[in-house]
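Working notes, structure below.
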Number of protein chains: 2
Amino acid sequence: MDQLSLVSSNKIFGGYQKVYSHQSSELKCKMNFSLYLPPQAEGGDVKLPVIFYLSGLTCSEQNFITKSGFQRYAADHGIIVVGPDTSPRGVKIPGDDESWDFGVAAGFYVDATKEPWSTNYRMASYVNKELYELIQQAFSNVVDPERIGIMGHSMGGHGALISTLRNPGLYKSVSAFAPICNPIQGPWGTKALTGYLGDDKSKWVEWDATELVKKYDGPPLTLLIDQGSIDQFYLDKQLLPENLVEACRSVGVPVILKLREGYDHSYYHIASYIGEHFDFHAKILKA
Amino acid sequence: MDQLSLVSSNKIFGGYQKVYSHQSSELKCKMNFSLYLPPQAEGGDVKLPVIFYLSGLTCSEQNFITKSGFQRYAADHGIIVVGPDTSPRGVKIPGDDESWDFGVAAGFYVDATKEPWSTNYRMASYVNKELYELIQQAFSNVVDPERIGIMGHSMGGHGALISTLRNPGLYKSVSAFAPICNPIQGPWGTKALTGYLGDDKSKWVEWDATELVKKYDGPPLTLLIDQGSIDQFYLDKQLLPENLVEACRSVGVPVILKLREGYDHSYYHIASYIGEHFDFHAKILKA
């Protein structure tokens, strides 16, 4: 584990919430990620399932670990949880901090192809290759490589969906809170995809969950989507879960859309239902 | 409710986490406080117990409502939760923002008697009179004035203890995470008490839980103290729970000290055991 530096470690619900930093070869910068080791990891001789959690716009690895209360459920189920940051950090590309919805903390979990972003903004390869493999290697004593799931929120919900749909079999379970479901149809998505990929819209569909599910040809999957009914970004048609549901139904991919009356886009929504998501993942990962 | 302005309202665990602002007559400034209304408050015709939560140094009303996950337990038990801020805000006394452990966000829940603090820094009267009465008046449809408890963390744990011990019967139940238990014996406490009360140590003992419990003559009380074993401030002898326990035993006041192996001073400790504290308060408040 030479390549990892321990940033912090706090006991919670009998396990340990840790944050590590490491030098990312994909992103060419130093990155933080969080790792929750549930009490069942103690001793280090039992292989446990893993869930990756991808955060939303403006977040770092901190928001989920301090605000969601997920550790209670991860401890109950004996699941390791990994939370990457949301973009490269400290690479200082002109304009990278001018918008809250593009550049720093807004990597959209795609691999940029357009200069100047293409050198560093490779969040898809970072999460699904580099970090995915790093976790298995560095924590090989407790990680079961056959039982890995993914979830996320908002931009990170989009990330969880496209990571699963583009890499059949990599993640056995997937769920999302208030995900951007059809980015090519919303303002955030079109801004990000134009910035990272250029104007050719035929490239955008490779990173759009609603488009990807229509061509999905991997192992059976059930998508769980959790959406607050008064979420302003949902009402503003940034998220468009109905488009994803319609696409899923057109191709026979099972999808569950939970529309939660009165909940908004915040972590208060996530905290209220993260337990249900852990139940959903555990049922699949521990089957 | 003319005097209250709603700052925010977010649905969580079926209830609503709200933040209000109001003009405080005790503190002579505008103050925020949080209020969680559990699902049982809907309809507004059932009287529910209330717990006040006092936060620690550097905190505002936000830390507890975003990081502790208490709402799950408040919703389970049907308890309203009120969280004041930790000091007057925006009153601009010279030196009020020079220290993290004195002045802004460090009111210590005492009534200052020394200039220039005595005009605004009246947190004891603010919490135990002004806010205590305001909550009963503004939410009279759902608040049961006979079932009010108090808890807190660190400086706020000290606040919960002295608020209870100085005002017999005002709070029916009390608990604290990593409280400052004997402030006249620790660096934070002696700095604050010197600053707010002056050099006369005979005044300090009126605001010290360990000293107060020796003279307690109110209704029966059980103190619950929750302390992480590797909490740096505990190890540095800022908190001194053993002194409080010894004083309690000397006068026959029941006290429970839970020393939690491996937990630190953070909200990760609080999140892990806040459920047990709600169980403790509920048993008393709902008896």
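The values are calculated or read from the model by the stated rules, or taken from the named source; none is laboratory data. Since we're looking at a predicted model, the values are computed, not measured. Neighbour counts run over all protein chains shown; Cβ positions are idealised from the backbone, glycine included.
The table that follows gives values for the structure above.
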quantity: Matching residues, segment A:70-117, being of a type in the set (A, V, I, L, M, F, W, C) and more than 26 Å from A:PHE177 (Cα to Cα); calculated: A:VAL91, A:ILE93, A:TRP117
quantity: Extreme residue, nearest to A:TYR73 (Cα to Cα), among residues of segment A:255-275 that are touching a helix residue (DSSP H, G or I) at 6+ places or on another chain (Cβ under 9 Å) and in a helix (DSSP H, G or I); calculated: A:GLY275
quantity: Filtered residues of segment A:261-272 (kept if farther than 19 Å from A:LEU54 by Cα and either in contact (Cβ under 8 Å) with a residue 60 or more places away in the chain or touching a strand residue (DSSP E or B) at 6+ places or on another chain (Cβ under 8 Å) (or both)); calculated: A:GLY262, A:TYR263
quantity: Counted residues, segment B:47-87 - those being over 15 Å from the mean Cα position of the chain (by Cα) and either within 14 Å of chain A (Cβ to nearest Cβ) or not hydrophobic (A, V, I, L, M, F, W, C) (or both); calculated: 13
quantity: Sole residue being within 14 Å of chain B (Cβ to nearest Cβ), touching a strand residue (DSSP E or B) at 6+ places or on another chain (Cβ under 8 Å), touching a residue at least 24 places away in the same chain (Cβ under 8 Å) and on the phi < 0 side of the Ramachandran plot, chosen from A:SER34, A:SER24, A:SER9; calculated: A:SER34
quantity: Residue in segment B:254-261 that is at pLDDT 95 or above and facing chain A (nearest Cβ under 10 Å) present; calculated: yes
quantity: Residue within segment B:208-227 that is closer than 29 Å to B:GLY95 by Cα and of a type in the set (A, V, I, L, M, F, W, C) present; calculated: yes
quantity: The listed residue being of a type in the set (A, V, I, L, M) and surrounded by 21 or more Cβ atoms within 10 Å (Cβ to Cβ), out of B:LEU257, B:LEU223; calculated: B:LEU223
quantity: Subset of segment A:171-212 [among the basic types (Lys, Arg) and within 18 Å of the chain's Cα centre (by Cα)]; calculated: A:LYS172
quantity: Counted residues, segment B:265-287 - those being surrounded by 21 or more Cβ atoms within 10 Å (Cβ to Cβ) and either acidic (Asp, Glu) or modelled with pLDDT under 95 (or both); calculated: 0
quantity: Any hit, segment A:273-283, residues being within 14 Å of another protein chain (Cβ to nearest Cβ), among the small types (Gly, Ala, Ser), in contact with a strand residue (DSSP E or B) (Cβ under 8 Å, 6 or more places away or on another chain) and closer than 22 Å to A:GLY149 by Cα; calculated: no
quantity: Given (1) touching an Asp or Glu at 6+ places or on another chain (Cβ under 9 Å); (2) closer than 30 Å to A:GLU276 by Cα, index of the condition A:ASP111 fails; calculated: (2)
quantity: Condition check for A:VAL91: in contact (Cβ under 8 Å) with a residue 40 or more places away in the chain, part of a strand (DSSP E or B) and either among the hydrophobic types (A, V, I, L, M, F, W, C) or within 14 Å of another protein chain (Cβ to nearest Cβ) (or both); calculated: no
quantity: Single condition A:ALA192 does not satisfy, out of (1) over 18 Å from A:ALA176 (Cα atoms); (2) part of a loop (DSSP other than H, G, I, E, B); (3) touching a strand residue (DSSP E or B) at 6+ places or on another chain (Cβ under 9 Å); calculated: (2)
quantity: Members of segment B:160-183 that are under 19 Å from B:GLN232 (Cα atoms) and in a helix (DSSP H, G or I); calculated: B:PRO183
quantity: Scope segment B:164-189; condition closer than 17 Å to B:CYS59 by Cβ and crowded, with 24+ Cβ neighbours inside 10 Å; matching residues; calculated: B:ALA176, B:PHE177, B:ALA178, B:PRO179, B:ILE180
quantity: Qualifying positions in segment A:118-138 - within 16 Å of A:PRO183 (Cβ to Cβ) and in contact with a Leu (Cβ under 9 Å, 6 or more places away or on another chain); calculated: A:TYR121, A:MET123
quantity: Pick from segment A:43-73, criterion charged (D, E, K, R) and more than 13 Å from A:PHE278 (Cβ to Cβ), ranking: surrounded by the fewest Cβ atoms within 10 Å (Cβ to Cβ); calculated: A:ASP45
quantity: Residue count for segment B:1-42, restricted to those that are part of a loop (DSSP other than H, G, I, E, B), of a type in the set (A, V, I, L, M, F, W, C) and surrounded by 15 or more Cβ atoms within 10 Å (Cβ to Cβ); calculated: 3
quantity: Residue list for segment B:203-254, filter: among the small types (Gly, Ala, Ser) and in a helix (DSSP H, G or I); calculated: B:ALA209, B:ALA247, B:SER250
